[in-house]
Amino acid sequence: MSKRPLLTFLALGIAATAPTRVRASTEVEGVGYGGTSAGGWICGPVGRANYGGAGARVRIAERPGRFGGTGLTGEAAAAFERESATIECEPDDTGCVKFRSSGMFGGHARAGYQWEVFGFEAGATAFQGHSTKLNSAASAVVFPDAEIAIGPRTIARGVVGIGSPSVTTLRRPGAYLGADVMLGSVELQARAGVFRAGPALFDDTSVRTDVALYVPVTQPLSLRLGGSFSGNEVGLGGEGSAGLRGAL
């Protein structure tokens with residue numbers, strides 16, 4: 001009797017039970033957006049920022065999974081906006097002061113670990129704004145960025161964090177909570193909290209709510225549609241966004 005069939009059978013058995021390496025997950029997102037935000041300077045006038053911009057985010061996870069993957073994770077994002085800021089008129093003023101249109105940058109980087117029902121990431125956000133009402137030049141500041149996630153990834157999870165939860169808030173970080181929910185094949189992201197507002201570097205805040213839907217187009221590609229509403233004692237704001245997210 002030939003030993004070749006027996007050796008072939010044993011080799012196939014070993015190959016079937018051997019551990020396989022799981023490919024890392026890479027997620028890339030690009031977003032275009034525009035909006036308006038009201039806020040004042042400390043001991044100063046009220047201002048309004050009208051802005052439009054675009055940004056991108058890259059996220060890497062040790063293992064593929066819903067809501068950004070599991071295992072070791074890392075994320076980097078950057079955005080560029082064109083902002084037109086106006087100091088609003090006082091009742092006895094004859095006209096408003098308008099800053100020249102300025103290009104403003106924002107970005108963040110963070111890393112952490114995501115289990116199936118719990119995750120934590122930390123890093124920093126850096127962004128630009130107007131440090132004084134007398135100077136339209138951009139100044140920069142660094143803000144802490146961290147997020148805790150709790151919940152089963154197969155259905156939904158809740159998050160609480162500080163910093164920037166999305167590409168469109170890289171220049172308007174704050175403290176927030178929210179949820180990620182799967183509605184069939186559509187992913188819903190909702191965030192609400194207190195975020196930077198207006199043209200000042202970080203002198204004022206507003207209550208802001210963001211909602212984004214990720215609608216599958218093909219197997220690795222989703223269409224992102226988002227909007228936000230914000231407000232404080234000096235005025236209301238809002239934002240609209242659209243983009244694409246792909247998995248590599």
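Quick notes on this one:
- Among the residues making up region 224-247, those that are touching a residue at least 24 places away in the same chain (Cβ under 8 Å) and over 19 Å from the mean Cα position of the chain (by Cα) are G231, N232, V234, G235, L236.
- Residues within region 109-121 that are touching a Pro at 6+ places or on another chain (Cβ under 8 Å) and of a type outside the set (D, E), tallied: 1
- Screening G71, G112 for residues that are in contact with a Ser or Thr (Cβ under 8 Å, 6 or more places away or on another chain), in a strand (DSSP E or B) and at pLDDT 95 or above leaves exactly one candidate, G112.
- Qualifying residue in region 196-209 (condition: at pLDDT 95 or above, over 18 Å from G68 (Cα atoms) and in contact with a Leu (Cβ under 7 Å, 6 or more places away or on another chain)): no
- Apart from one condition, G44 fits all of (1) outside any strand (DSSP E or B); (2) under 20 Å from the mean Cα position of the chain (by Cα); (3) not hydrophobic (A, V, I, L, M, F, W, C); the exception is (2).
- Selected residue (criterion: nearest to S185 (Cα to Cα)) from residues of region 123-140 that are among the aliphatic types (A, V, I, L, M) and modelled with pLDDT under 95: A140
- Every pair of residues 6+ apart whose Cβ atoms lie under 7 Å, when the first sits in region 158-183 and is surrounded by fewer than 24 Cβ atoms within 10 Å (Cβ to Cβ) while the second is outside any strand (DSSP E or B) and of a type in the set (S, T, N, Q): none
- Test: residue in region 142-156 that is over 15 Å from the mean Cα position of the chain (by Cα), at negative phi, crowded, with 19+ Cβ neighbours inside 10 Å and outside any strand (DSSP E or B): yes
- Comparison of A49, A61 shows that the only residue that is at pLDDT 95 or above, surrounded by 15 or more Cβ atoms within 10 Å (Cβ to Cβ) and in a strand (DSSP E or B) is A61.
- Filtering region 192-223 to residues that are assigned to a strand (DSSP E or B), in contact (Cβ under 8 Å) with a residue 40 or more places away in the chain and either hydrophobic (A, V, I, L, M, F, W, C) or surrounded by fewer than 21 Cβ atoms within 10 Å (Cβ to Cβ) (or both) leaves A200, T205, A212.
The values are calculated or read from the model by the stated rules, or taken from the named source; none is laboratory data. This structure is a prediction, so every number in the text was calculated from the model and none was measured. Because the Cβ atoms are built from the backbone with ideal geometry, glycine has one as well, and the counts that use them run over all protein chains shown.
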